[in-house]
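Report on the structure given below.
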């Protein structure tokens, strides 16, 4: 178990779609422990495996005091709309209003291979979409309006220079 370093943009692992987990190995069990340890910090809502440098489809979450994980999540339903501030551990200090569905449902498995369904609206819905985006090789600023995205990229470059 370890709290892992968070990868930040422009690290290429964040732009690479993650591979499905085909077998529950000791390494996958350690990955889940690390994801749970690393997300269990105030202000952290979710953490995908590629944010800690592992290209596998897994994420952990920390919503309203509930910490958990899902392997091989698939976003299978969204509805409604919310428009609010969103941030990301891989884009430190950048917060932008982002349009998302209000409700989202994700289906995956746990370490025993049993089906897991996570769903919710508001912050839970936002987190489910945000983390599955990460696993598909996207970061939230990809969803911003063109002008706002350009401003975010400029700000990010100025912070990294």
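Please report the relative contact order for the chain, taking Cα pairs under 8 Å with a sequence separation of at least 6, and give it as a percent rounded to a whole number.
23
How much length would be gained if the chain were fully extended between residue 37 and residue 107, taking 0.36 nm per residue of separation minus their Cα-Cα distance, in nm to one decimal?
Working it through step by step, the gained length comes to 23.0 nm.
If R0 is 30 Å, what FRET efficiency do you get for residue 142 and residue 77 from their C-beta distance, rounded to 0.05?
0.90
Quickly work out the residue 66-to-residue 22 label distance, labels modelled 7 Å from Cα along the C-beta direction, and quote it in nm with one decimal.
3.3
Rounded to the nearest 10 degrees, what's the angle between the helix 146-160 long axis and the longest principal axis of the chain, both from Cα atoms, 0 to 90?
It works out to around 80 degrees.
What number, rounded to the nearest 500 deg cm²/dmol, is the helix-based mean residue ellipticity at 222 nm of the chain, given -39500 (n - 2.57) per DSSP H run of at least four residues and division by all its residues?
Calculated from helices alone, the mean residue ellipticity at 222 nm is -8500 deg cm²/dmol.
Just the number, please: percent antiparallel of the DSSP beta bridges in the chain, rounded to the nearest 5.
Within the chain, antiparallel bridges account for around 95 percent of the total.
Please work out which option in [x] 0.98; [y] 1.18; [z] 0.95 gives Rg/Rh (Cα atoms, Kirkwood Rh) calculated from these coordinates, and answer with its label.
The value computed from this structure is option [z].
What's the angle, to the nearest 10 degrees (0 to 90), between helix 123-135's Cα axis and the longest principal axis of the chain?
Between the helix axis and the principal axis of the chain, the angle is about 80 degrees.
For helix 26-39, report the angle its Cα long axis makes with the longest principal axis of the Cα atoms of the chain; keep it between 0 and 90° and round to the nearest 10°.
40
Values quoted throughout were computed directly from the atomic coordinates according to the rules given, and no laboratory measurement underlies them. Given the structure is predicted, the values throughout are model-derived calculations rather than measurements. When we count neighbours, we look across all protein chains shown, and the Cβ atoms used for this are built from the backbone with ideal geometry, even at glycine.
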